[in-house]
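Peer 1: Structure below; questions to follow.
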Amino acid sequence: MVRVRITGTGSYLPEKILSNADLEKMVETSDEWITTRTGIRERRVAAAEENTSDLAVNAARKALEMAGAAPEEIGYIVVGTITGDFPWPATACLVQDKLGAKNAFAVDVSAACSGFIYALDSAVKQVQSGAVKKALVIGAEILTRIVDWTDRNTCVLFGDAAGAVVVEASDDESGILSTHLHSDGSYWELLHQPGFGSRHPVSEEALRQKVHCLKMQGNEVFKVAVRSMSDVAEEALAANGLSAGDLKLFIPHQANIRILDAVAKRLKLKQDQVFINVNKYGNTSGATIPVALDEAVQAGRIDKGDLVLLDAFGGGFTWGSILMRW
Ligand code: ACO
């Protein structure tokens, strides 16, 4: 089997910072509540003229530069997003156009916070099959445009960001060792955006009921997230005959520091094995993992040969893990 590795990473964070103090002026909340319950101190908000494809392109350019790849060399562009520029066409097609990646086919993956993991899995398989030589995988979200800014239960949690990687066949031992993906659609209602699909098309009444805004039953999501993220991490380690102690870095979806702490405790990971940046950006759904991976690479926290485990959980429910040797 052809081994596939990441040869470039990139990320983009919008400039505008929304702090917990700013949120205190918008809804009945406090920096103390948000920090202790979520670990989030601030998040980024895209500028009015920025769209999801713009964030994606900015991250993608950096990943292409690090990989030393020209846009024309990319055969496949896949974007994990639930907040694309339009319901359709795919944001990946807009990214293809903006980059001038004219030899790529392009599609979006809708798997909420697991979007990047699902997208990376599909890119790995495209390269493994020999269908494409180089693929561009992006997680990009502007969640602040589907958040109800009067609902303190959700508006404090989310932010905007994009992260990207380039993957291609590996010529050594480095590369993706395994991917494990799962879904359970019976949980769809716990975390979803009711409008404006076929169930709740646009109407004045639908707008009044804010069906375009994200809905979440946080407590229930929390419990399943901890269990599923722990299980799928253990599944990856067991499938490769490894234990948590072998990992250099565990890069989980950044939703809430208490979820991350609970998963790390279950896996018996040491503090320095877990990458955390939820304090700076909040939950950016499909973008959290590629942004975190890029920050870890830039900070020199991953060396050649290190084992890195990515782990996500999101609406659907969807969850998955990807283990790689850097
Ligand atoms: N400020 C102040 N008080 C608040 C706020 C706020 N921003 N939000 C909720 N509260 C209040 C509630 O109204 C409630 O008050 P009450 O007891 O008077 O009714 C109280 O705080 C406790 O509310 P809970 O919902 O029980 O708080 P909990 O400790 O569960 O924390 C949270 C809520 C942070 C949403 C948590 O459940 C969570 O993180 N869940 C995971 C959800 C998540 O991250 N989803 C993202 C997508 S999925 C994923 O990425 C994994």
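The values are calculated or read from the model by the stated rules, or taken from the named source; none is laboratory data. Being a predicted model, the structure only gives us computed values, none of them experimental. Glycine also receives a Cβ, built like all others from the backbone with ideal geometry; neighbour counts cover every protein chain displayed. With ligands, DNA and RNA removed, areas are computed over all heavy atoms of the protein, side chains included. Shrake-Rupley method; radii C 1.70, N 1.55, O 1.52, S 1.80 Å.
Peer 1: Between Ala67, Gln217, Ala244, whose Cα lies farthest towards the positive end of the dipole of the chain when Lys and Arg beta carbons carry +1 and Asp and Glu beta carbons carry -1, centred on the Cα centre?
Peer 2: Ala244
Peer 1: While we're looking at this one, here's another question. Can you say what percent of the DSSP beta bridges in the chain, counting only those with both residues inside, are antiparallel? Round to 5.
Peer 2: 70 percent
Peer 1: Additional query: From the P(r) of the chain, can you give the percent of Cα pairs sitting at distances over 29 Å?
Peer 2: 32 percent
Peer 1: For the chain, which longest stretch is free of loop sites, where a loop site is one of the trypsin sites (Lys or Arg not before Pro) that DSSP puts outside H, G, I, E and B and that has at most 12 other Cβ atoms within 10 Å?
Peer 2: After excluding every exposed loop site, the longest remaining stretch is 103-198.
Peer 1: Within the range 241-306, which chymotrypsin sites (Phe, Trp or Tyr not before Pro) sit in a loop by DSSP and count at most 10 neighbouring Cβ atoms inside 10 Å?
Peer 2: Of the chymotrypsin sites (Phe, Trp or Tyr not before Pro), not one in the loops of the range 241-306 has a Cβ with at most 10 other Cβ atoms within 10 Å.
Peer 1: Taking amide H positions as placed 1.01 Å from N in the peptide plane, with prolines and chain starts having none, which residues 5 or more places from Ile142, or on another chain, fall under 5 Å of its amide H?
Peer 2: Placed amide hydrogens put Thr83 under 5 Å from Ile142.
Peer 1: Given a 1.4 Å probe, how much area per residue of the chain is accessible, in Å²?
Peer 2: 43 Å²
Peer 1: Using 0.36 nm per residue, how much length does the chain from Ser178 to Arg199 gain when fully extended, once their Cα-Cα distance is taken away?
Peer 2: The span from Ser178 to Arg199 would gain 3.9 nm if fully extended.
Peer 1: Stokes-Einstein at 37 °C, 0.692 mPa s, Kirkwood radius from Cα pairs: D for the range 4-171 in µm² s⁻¹?
Peer 2: 199 µm²/s
Peer 1: Right, next: Count the DSSP beta bridges whose two residues both fall in the range 4-171, then state the antiparallel fraction as a percent rounded to the nearest 5.
Peer 2: Beta bridges within the range 4-171, antiparallel portion: roughly 70 percent.
Peer 1: If you find the alpha carbon centre of the range 37-67 and of the range 160-214, how far apart are they in angstrom?
Peer 2: 16 Å
Peer 1: If you take every DSSP beta bridge fully contained in the range 177-325, what fraction is antiparallel? Give it as a percent rounded to 5.
Peer 2: Roughly 75 percent of the beta bridges in the range 177-325 run antiparallel, per DSSP.
Peer 1: Residue by residue through the range 110-118, which ³J(HN,Hα) values in whole Hz follow from phi under the Karplus form 6.51 cos²θ - 1.76 cosθ + 1.60 (θ = phi - 60°), with glycine and proline marked x?
Peer 2: My calculation for the range 110-118 gives 9, 9, 6, 5, 8, x, 5, 5, 4 Hz in order.
Peer 1: Report the far tail of the P(r) of the range 177-325, meaning the percent of Cα-Cα pairs longer than 20 Å.
Peer 2: Value for the range 177-325 (Cα pairs over 20 Å): 51 percent.
Peer 1: So which of Lys25/Lys270; Lys248/Lys280; Lys98/Lys215 end up more than 27 Å apart, counting from Cα to Cα?
Peer 2: Lys25/Lys270; Lys98/Lys215
Peer 1: Next question, about the same structure. Rounded to a whole number, what % of the accessible area of the range 170-326 do carbon and sulfur atoms account for, probe 1.4 Å?
Peer 2: Carbon and sulfur atoms account for 49 percent of the accessible area of the range 170-326.
Peer 1: Using the alpha-carbon centroid of each, what span in Å lies between the range 102-159 and the range 270-326?
Peer 2: Taking the Cα centre of each part, the range 102-159 and the range 270-326 sit 14 Å apart.
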